[in-house]
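Reading through the structure tokens given below for one structure.
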């Protein structure tokens, strides 16, 4: 029962965090996903107080996931606006190298959107990829 309550509270926190504002799609998705994964991991890691671990993990996961999602959104918008590839690189303390790359790839059929391919590359391996539709202003 206690484990179900921890999981329920983690899901509620994730939904609250991901629905607080109106940020772009990847920011919301990243924050929500990060909160769920971080909350579950935190609850499992903190054996003495799973509630504390779940809440701390959920907030940390939401922050990290939302940040990565926000970088993807900004890179796509910048690539569409400047009509060139945009790349952000970060190296973590453990040596992991992460690249967020956004490359313009044409226009939507109706011509109202620029299509931008975004990728998250971790240590040379593509771990996430999508084509984002950026409105033409």
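Throughout, read-outs are computed from the coordinates displayed, never taken from laboratory work. Since the structure is predicted, the reported quantities are computational estimates derived from the model, not experimental observations. In this analysis, Cβ positions are derived from the backbone assuming ideal geometry, glycine residues included, and neighbour counts consider all displayed protein chains.
Quick look at the values:
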read-out: Positions within region 60-76 being farther than 30 Å from residue 106 by Cβ and surrounded by 18 or more Cβ atoms within 10 Å (Cβ to Cβ), in sequence order; value: 61, 62
read-out: Selected residue (criterion: surrounded by the fewest Cβ atoms within 10 Å (Cβ to Cβ)) from residues of region 110-127 that are in contact (Cβ under 8 Å) with a residue 24 or more places away in the chain and part of a strand (DSSP E or B); value: 122
read-out: Residue 106 vs. criteria touching a residue at least 12 places away in the same chain (Cβ under 8 Å) and either under 30 Å from residue 137 (Cβ atoms) or in a helix (DSSP H, G or I) (or both); value: no
